[in-house]
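Structure first, commentary second.
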Amino acid sequence: MDNLRIAVILGSNRNGRTGPAVSRWFVDLALGRPDLDVDVLDVADLPADERYGHGHGAPLADFGPRVAAADGYVVVTPEYNHGYPGPLKSAIDSARREWFGKAAGFVSYGGMSGGLRAIEQLRTVFSELHVATIRDTVSLHNAGALFGPDGLPGPEMAGADAAAKLLLDELSWWALALREARRHRPYPA
């Protein structure tokens, strides 16, 4: 059987962001699974677009094809002002049919809420894109304190490791089931 291709989408482009440490930790866990191939899409790598002002990204030409090539997704997002970042929304909206009939999971981080409000908003967005979202998530509360100055996870991450394993198990189940369904019957939307 072919490995599942999972796109990990890092949703923040702020300077000094915690996101690279969080996504590096998660990607390392995902790469430890022999059934997954991982593609990392970082919105900070998207070029600036003058129409949206400084700091916002316009998706790369290959963003849509990379979304289309994936069997499932994990969105790594911070919570800013009780929501998810605008550049992440721009990237998501740059593709449409490429998302249909697939599965997505979420890893969030932030202050006391751990990014949970951002996840709830993203569930609504992905529902509109015909994406099945995984119930169990990884939420890192006060994430900046969970990683050392070198960006490596501290000992407090043991619980998060278990949550990430569960997320990957569930995402793999859904991504495989939906991939098989798409192979036998195109998604109707």
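Grab the eigenvalues of the alpha-carbon gyration tensor for the stretch 4-184, scale each by 5, take roots, and send me the semi-axes largest first in whole angstrom. Present the calculation step by step, with values, prior to reporting the outcome.
Working: eigenvalues 104, 90, 41 Å².
Equivalent ellipsoid semi-axes, largest first: 23, 21, 14 Å.
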In whole Hz and in residue order, list the ³J(HN,Hα) couplings for the stretch 158-171 that follow from phi through the Karplus curve 6.51 cos²θ - 1.76 cosθ + 1.60, θ = phi - 60°; x for Gly and Pro. 4, x, 5, 4, 5, 5, 5, 4, 4, 4, 5, 4, 5, 4
Could you give each residue of the stretch 86-103 its phi-based ³J(HN,Hα) in whole Hz, using Karplus coefficients 6.51, -1.76, 1.60 with θ = phi - 60°, and x for Gly or Pro? x, x, 5, 4, 4, 5, 4, 5, 6, 10, 9, 5, 4, 7, 4, x, 10, 10
Within the stretch 130-160, backbone nitrogen closer than 12 Å to the virtual label 7 Å beyond the Cα of residue 177 toward Cβ: 132-135
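Please compute the contact order of the stretch 4-184 in relative form: average sequence separation of alpha-carbon pairs under 8 Å and at least six residues apart, divided by the residue count, as a percent. Mind showing how you got there, number by number?
Numbers: 339 pairs, mean separation 40.8, N = 181.
The value is 23 percent.
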Taking H placed 1.01 Å from N in the peptide plane, check which residues at least 5 places from residue 40 or on another chain put their amide H under 5 Å from its amide H. 8
Compute the longest continuous run of the chain that contains no exposed trypsin sites (Lys or Arg not before Pro); treat a site as exposed when its DSSP state is not H, G, I, E or B and it has at most 15 other Cβ atoms within 10 Å. 15-95
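Give me the net charge of residue 3's neighbourhood, meaning all other residues with Cβ under 10 Å from the Cβ of residue 3; Lys, Arg count +1, Asp, Glu -1. Before the final figure, lay out each step's value.
Working: positive: 5, 33; negative: 2, 35, 37, 71.
So the surrounding residues net to -2.
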Considering amide H positions built from the backbone, and no H for Pro or chain starts, which residues 5 or more places from residue 104, or on another chain, come under 5 Å of its amide H? 73, 132, 133, 134
Non-local amide H neighbours of residue 76 (under 5 Å, H modeled in plane, Pro and chain starts lacking H): which ones? 9, 10, 11, 107
Across the stretch 24-37, in residue order, what do the Karplus-derived ³J(HN,Hα) couplings come to in whole Hz, using 6.51 cos²θ - 1.76 cosθ + 1.60 with θ = phi - 60° and x for Gly and Pro? 4, 4, 5, 4, 4, 5, 5, 5, x, 9, x, 8, 10, 10
Where in the stretch 1-36 does the label zone of residue 161 land, with the point 7 angstrom along Cα→C-beta and an amide N cut-off under 12 Å? 29
Starting from the 7 Å offset along Cα-to-Cβ, what nm value, one decimal, do you get for the label separation of residue 39 and residue 184? 2.5 nm
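Rule-based calculations on the coordinates, nothing more; no lab input. Bear in mind that the values here come from a model prediction, so they are computed numbers and not experimental data. Methodologically, a virtual Cβ is constructed for each residue, glycine included, from the backbone with ideal geometry; neighbour enumeration extends over all protein chains shown.
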